Amino acid sequence: MSTIGDIDQLKRRLADSQKRAFPYHMQAFGFDLVIHEGVFPPSHFFAWRWCVQNFPSVMGERVLEIGCGMGLPSIYLAKNGADVVVAVDIDPRAVANTIENAQRNNIDNILVLQSDMFSAVEGSQRFDTIFWNFPCTYVPEDYEFANDIERGLFDPGYKILGSFLKQARSYLAEDGRVILQFGGGDHATILVDLAKANGYAIELIARGSLPEGGRRVYQFHELKTVSGSVSRDTSQPE
């Protein structure tokens with residue numbers, strides 16, 4: 001479980017990421033990208049790079065990304081096999097940034113929406129893959145976000161994760177899957193427990209690290225609904 005020292009270190013890194021001049025540009029995976037102030041920073045957190053390098057095939061699929069940030073995973077998947085990508089973020093700055101990056105790179109099979117998880121997604125839509133680079137750092141239930149970009153790091157009491165798992169199953173196509181990018185450590189066990197409690201079979205499908213990520217371990221978990229299962233309320237970790 002995350003310690004106060006871990007949380008403080010992440011908060012300092014996040015604060016440092018906002019001290020540079022904005023907007024700034026970067027090249028990655030053949031894309032010309034711009035990053036604006038207040039959007040989760042690819043310069044200081046590197047899960048996006050591991051994600052793109054290791055994402056499973058989405059050939060011909062309908063894909064939904066929750067928490068698109070500056071948009072790289074979504075535009076990469078849209079260009080590399082997905083039939084259509086819906087990218088959502090709770091922060092309007094991230095939505096605008098993703099739209100700009102999609103336009104800069106001539107990606108036209110993507111729809112970008114401001115949405116608190118599934119709130120703006122049409123209830124009739126079904127997706128083959130729902131992806132979320134989940135904010136997997138546990139903080140106490142009474143934690144108050146200092147700013148919007150902290151939402152990309154912290155989940156108070158893992159209530160956000162629990163809510164996501166309950167809702168996601170309603171948006172999956174038959175034999176669809178949820179892909180969660182999740183760090184290693186004790187909280188991975190909590191993910192397994194919550195997934196099973198909400199009617200999913202869960203499998204670790206990729207695990208690795210990056211030189212620039214230090215000791216950080218990145219993981220992909222694939223979740224599929226179990227036939228006949230019914231989501232039930234679960235208690236949150238203390």
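The values are calculated or read from the model by the stated rules, or taken from the named source; none is laboratory data. Keep in mind that what you see is a predicted model, and the values were worked out from it rather than measured. Cβ coordinates were reconstructed from backbone atoms using ideal geometry, including for glycine residues, and neighbour counts include every protein chain displayed. Heads up: the accessible areas ignore ligands, DNA and RNA and are worked out on the full protein's heavy atoms, side chains in. Shrake-Rupley method; radii C 1.70, N 1.55, O 1.52, S 1.80 Å.
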_Scope the stretch 18-43; condition assigned to a strand (DSSP E or B) and either closer than 21 Å to ASN133 by Cα or open to solvent by 70 Å² or more (accessible area, probe 1.4 Å) (or both); matching residues_ = HIS25, MET26, GLN27, ALA28, PHE31, LEU33, VAL34, ILE35
*Quick one: count up the residues across the stretch 144-162 that are open to solvent by 10 Å² or more (accessible area, probe 1.4 Å) and without any contact (Cβ under 8 Å) to a residue 60 or more places away in the chain.*
4
*asked:* Which count do you get for residues in the stretch 118-143 that are modelled with pLDDT of 95 or more, part of a loop (DSSP other than H, G, I, E, B) and crowded, with 19+ Cβ neighbours inside 10 Å?
replied: 2
*Please find, within the stretch 202-238, the residue that is farthest from VAL139 (Cα to Cα) out of those that are assigned to a loop (DSSP other than H, G, I, E, B) and at pLDDT 80 or above.*
VAL226
*Considering each residue of the stretch 89-116, count those that are within 20 Å of PRO41 (Cα to Cα) and either of a type in the set (A, V, I, L, M) or touching a residue at least 60 places away in the same chain (Cβ under 8 Å) (or both), and give that number.*
14
_Which residue is modelled with the lowest pLDDT, if the candidates are limited to the stretch 7-54 and must be among the charged types (D, E, K, R) and over 20 Å from the mean Cα position of the chain (by Cα)?_
ASP8
*Which one of the conditions (1) free of Cβ contacts under 8 Å to residues at least 40 places away in the same chain; (2) assigned to a helix (DSSP H, G or I); (3) of a type in the set (Gly, Ala, Ser); (4) closer than 18 Å to HIS36 by Cβ does ALA78 fail to meet, given that it meets all the rest?*
(4)
*Out of LEU165, LEU210, which single residue is surrounded by 15 or more Cβ atoms within 10 Å (Cβ to Cβ) and either over 22 Å from ALA87 (Cα atoms) or not polar (S, T, N, Q) (or both)?*
LEU165
_Conditions (1) within 28 Å of ALA168 (Cα to Cα); (2) without any contact (Cβ under 8 Å) to a residue 60 or more places away in the chain; number of the one not met by HIS25_ = (1)
